[in-house]
Every structure is written in structure tokens, then in C-alpha cells.
1. Any residue at all in the range 20-31 that's part of a helix (DSSP H, G or I) and modelled with pLDDT of 75 or more?
2. Keeping to the range 34-64, report how many residues are surrounded by fewer than 11 Cβ atoms within 10 Å (Cβ to Cβ), part of a loop (DSSP other than H, G, I, E, B) and either modelled with pLDDT of 75 or more or under 19 Å from the mean Cα position of the chain (by Cα) (or both).
Amino acid sequence: MKQKNKLRAITESYPDVRHVLQKTFRQDVGRPPVDDASPDLLATIEEIAAIGGAGDDRRRTESIRTCLTLDDLREALKTQGYDIKRTTLYYRLLPRRALSVD
């Protein structure tokens, strides 16, 4: 019997253990998204960036020019309890599909 089938049988037999086992043995492949562990991460990043940033000069867009570097932002997030890698933070700040050729 494969591990997936064993896990399914155990979770059906013991529903109180299901939550713990599903965290340990995930059904999906790859690393879980950062949003699963901390859904308020984006709001925290916006809050930190708004403190040391400025709005658009002509006020035509909602973009925020921040005076922080990526390392400064990472350190500020660390003080608030988020342990996030530098590359993950960089990709989190990029707009969706920013690297596409569309």
C-alpha cells in the first residue's frame, strides 16, 4: 500500500489527527506558498513601505516610491516576526507576470 493510501486511511479512521498529518504530509508538490503561513504579509509590507515612502509626484498613479532597500525591508519584517528569504521577498514585490514577454 502506498504512503498516500495509508495516509488517507489513517485520516479517515482518526479525524482528530487529520489536521496534523495533512500539515506534515502535504498532497501538493513543491514548497507551500508564503501566503498560507502568513496571509497578512502583503499588508505589513505596504505598511512598512508607506512609512518611509512618498507618493507619485503628479498624483496620477497609486504607486509608492519607497526609500527602503530590500535588505532594510527584510530587517523590518524580521523585527515584526516574519522570517522570509530575500529572494522570496523580491519576487513578492514584483507585479504578477512581470517577467513575461506579453
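1. Among the residues of the range 20-31, at least one is part of a helix (DSSP H, G or I) and modelled with pLDDT of 75 or more, which makes the answer yes.
2. Within the range 34-64, residues that are surrounded by fewer than 11 Cβ atoms within 10 Å (Cβ to Cβ), part of a loop (DSSP other than H, G, I, E, B) and either modelled with pLDDT of 75 or more or under 19 Å from the mean Cα position of the chain (by Cα) (or both) number 2.
The values are calculated or read from the model by the stated rules, or taken from the named source; none is laboratory data. Please read these numbers as outputs of a predicted model, since none were measured by experiment. Please note: Cβ atoms are built from the backbone with ideal geometry, for glycine as well, and neighbour counts cover all protein chains shown.
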